[in-house]
Every structure is written in C-alpha cells, then in structure tokens.
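The block underneath contains the structure these notes are about, expressed in structure tokens.
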Amino acid sequence: MKILGPDTLVFGVEDQESCTQFLVDYGLTPMGDGRFEAMDGTGVVVRRKDDPSLPAWPFPTANQLRKTIYGVADQTTLDEIARELGKDREVKFLADGSIEAIDDVGFVLGFQVTVRRECALPAEQVNAPGDARRGVNVTGALTSGNEVPPRPRTLSHVVYFVPDTEKAEAFYVNRLKFRLSDKFIGMGPFLRPAGTLDHHTLFLIQTPPFMQGCEHFTFHLGGPTEVLRAGSAFAAKGYESYWGPGRHQFGSNWFWYFNSPFGCHVEYDADMDLHDDSWVPRVAPAHADLAQEFLLQWREKWAPGGPPPPSEQRPA
C-alpha cells in the first residue's frame, strides 16, 4: 500500500482563535475555512469542538485530534485500503473522493489521493574539512536581523497516546502495511507507511485509557539551523518551550517542542533518518539516554562583555 504519510490533521478545539494564532505564528499559511498549510500543501484543520461536521470524540482527553487524513499515491491504493478495511468495519466513501474508517483503538482515519506538492527547496548545507558543501563566500548565518523565520515544509508525523500499543501496532502493520522502524520497550513503536522512507510518521505511546489522544504533531524544516531559528522566533513571541532544542536518538531528527492551546505539544523537526525495507529495527528500553542524543537549554540572546546571562546571575 503506497501510503505516503499524514496529509491533514483535523482538530476540534475549545478556543479556535488562540489555535489559529498559534498556527500562524508557528509558520503555517492560513488558507481559509480553518485550514493551515505547509509549503507542500499538507496541514492542519481547526474547527470548534462542537462543529457537527467533525467525527465524534469518544475519549475523555481535552486534546481532540478528531481525524488523521493520510495521503496515498494513487486511486489504486485508495481502493486497496477500502477493500482491506471493509472486511471487518464500516468504510465511508465521502463526497470529496476520500474514505474514512476507524482504527482498532478508536482513532478516526481518512485516506485520500495525496494533496502533497513537490517542493524543490535547497537543504541546509555545511562546510567541513574535506567536504565544503556550502561553498565559498556563502554565509551560513543570517546577519541582517530582519529575516523571516523558516516555514514548515511538510507534515512530518503524529504521536498517539493509546491504551494498547500492541493492538494498535498490529492494526497499522498487518492491515495498512506500515513498517516497524524502532521500538522502545514499555513505551511503543515508531512506524512508517510503505510509501515513505522517513523513520516514522506515527509513534505510539502506551498510556492509561483516560489519557488517549494526541501527544504531539510536527512539521519538517530544512535543517537544524532552521529548527533553532524557528524555535527561537516562536519562543520570542511568548510560546512556552516544553522540550528542546535537541536531537533524538531513534530517527536522529533535531527537535524543539512547545506547549500549545490544542492541549497537545507541537514540535519543529528536521533531518530525520531514512530507511528502506532492509533496515533492522532496534528494540531498546525507554529512558532519557535514548530519548535524545543531547538536549540544549534555550535562553535569551547574550553577548560576551555584557552582564552574565540571567541563568548565571546571583542574587545581591
């Protein structure tokens, strides 16, 4: 099945205005009717939680990811998914040509021929002894002070809190042909659909039933410097950093997580590992040493020669 990854996340929210402002400040483009897009057309839809057009929310959590819509390569794949899921559950055929069904732990899924557009964008380059890729007279740092923060390029992945990761993993692997990339013992698996090489587009975390919902979602940026630039600009607007910046071990992606009015975390990420079917999944205990290769602590800008940074100042 040529499932490429999530095209759109549909949320039901209490405060639509603050969620709208959050996504604009995060870097997504408002398209009207509650839709916000990255550069390739993937995105987030925000509706009031009492909007009758939304699927029902059967879980007790406040964060309401009401539907995850996956993009597929072609109509053949869409038909294949409909046949497979139709063996044991209702599959709805919607007016826009997409289909809808519910996974084995209760999340509503949509599938559509993908909206993704090709984005021919340069990646971040580095100069290193023996491999100078950025080149001569091309600066890596931006120095005018007026640069616009980088824009999210594509919807990367979504993370679910679920009460039974084994049951959820079996559904995505056996029914939708996702591949296991890596797994944290006692926490859950990193999964990728067959139509992408990204280390994961779905991560499942074992939690009690009362916590079931979305833990976080994220969009890819163009490199680690873009994560730092975007995150710094976001923090300067008053958004609260939750975790990061840093770099993960499994997946190798750079990250920076923020609290959000959606009731879940929202991340910037970049430079994720790519894997094909020859990759042998790693299985390891879940602990801090494997959650990140390193973790940095953000603070306000500071220049040598000035007063000590706030974190190093001592009370008088």
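Taking region 201-218, which residues are closer than 20 Å to TYR268 by Cβ and of a type in the set (Val, Ile, Thr)?
Passing the criteria: THR201, ILE205, THR218.
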Inter-residue pairs, beta-carbon under 8 Å, first within 30 Å of ASP79 (Cβ to Cβ) and in region 110-137, second surrounded by fewer than 14 Cβ atoms within 10 Å (Cβ to Cβ), 6+ apart: GLY110/LEU94; GLN112/ASP96; GLN112/GLY97; VAL113/ASP74; VAL113/GLN75; VAL113/GLY97
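Listed here are the residues, each with its yes/no results for (1) of a type in the set (D, E, K, R); (2) under 25 Å from LYS49 (Cβ atoms).
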residue	(1), (2)
ASP198	yes, no
LEU202	no, yes
HIS216	no, yes
ARG229	yes, no
TYR239	no, yes
GLY244	no, no
PHE250	no, no
TRP256	no, no
ALA284	no, no
Subset tally (residues that are under 19 Å from the mean Cα position of the chain (by Cα) and surrounded by fewer than 10 Cβ atoms within 10 Å (Cβ to Cβ)) for region 110-127: 1
Conditions (1) more than 14 Å from the chain's Cα centre (by Cα); (2) touching a residue at least 60 places away in the same chain (Cβ under 8 Å); (3) within 18 Å of LEU155 (Cα to Cα); number of the one not met by PHE59: (3)
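Return the residues of region 27-42 that are touching a helix residue (DSSP H, G or I) at 6+ places or on another chain (Cβ under 7 Å), in a strand (DSSP E or B) and surrounded by 19 or more Cβ atoms within 10 Å (Cβ to Cβ); say none if nothing qualifies.
Result: PHE36, single match.
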Selection status of SER53, hydroxyl-bearing (Ser, Thr, Tyr), over 21 Å from GLU215 (Cα atoms) and free of Cβ contacts under 8 Å to residues at least 12 places away in the same chain: yes
Residue list for region 235-283, restricted to those being in contact with a helix residue (DSSP H, G or I) (Cβ under 8 Å, 6 or more places away or on another chain) and either assigned to a loop (DSSP other than H, G, I, E, B) or free of Cβ contacts under 8 Å to residues at least 24 places away in the same chain (or both): LYS237, TYR239, HIS248, GLN249, PHE250, SER260, PRO261, PHE262, ASP271
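Which residues, taken from region 59-79, are of a type outside the set (Ser, Thr, Tyr) and either crowded, with 18+ Cβ neighbours inside 10 Å or assigned to a strand (DSSP E or B) (or both)?
Residues satisfying the conditions are PHE59, ASN63, GLN64, LEU65, ARG66, LYS67, ILE69, GLY71, VAL72, LEU78.
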Total residues in region 128-142, condition surrounded by fewer than 10 Cβ atoms within 10 Å (Cβ to Cβ) and not hydrophobic (A, V, I, L, M, F, W, C): 6
Hey, LEU23 assigned to a helix (DSSP H, G or I), within 17 Å of ARG153 (Cβ to Cβ) and not basic (Lys, Arg) or not: yes
Which numbered condition LYS177 fails, given (1) of a type in the set (Lys, Arg); (2) out of contact with any strand residue (DSSP E or B) (no Cβ under 7 Å at 6 or more places or on another chain); (3) buried (at least 18 other Cβ atoms within 10 Å of the Cβ): (3)
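Okay, residues lined up against (1) under 25 Å from PHE36 (Cβ atoms); (2) in contact with an Asp or Glu (Cβ under 6 Å, 6 or more places away or on another chain); (3) modelled with pLDDT under 95; (4) surrounded by 21 or more Cβ atoms within 10 Å (Cβ to Cβ):
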site: SER156; (1), (2), (3), (4): yes, yes, no, yes
site: ASP164; (1), (2), (3), (4): no, no, no, no
site: LEU221; (1), (2), (3), (4): yes, no, no, yes
site: ALA230; (1), (2), (3), (4): yes, no, no, yes
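May I ask you to verify whether GLU80 is touching a Lys or Arg at 6+ places or on another chain (Cβ under 6 Å), touching a residue at least 40 places away in the same chain (Cβ under 8 Å) and over 27 Å from ARG229 (Cα atoms)?
no
The values are calculated or read from the model by the stated rules, or taken from the named source; none is laboratory data. Bear in mind that the values here come from a model prediction, so they are computed numbers and not experimental data. Cβ: placed from backbone, ideal geometry, glycine included. Neighbour counts: every protein chain shown.
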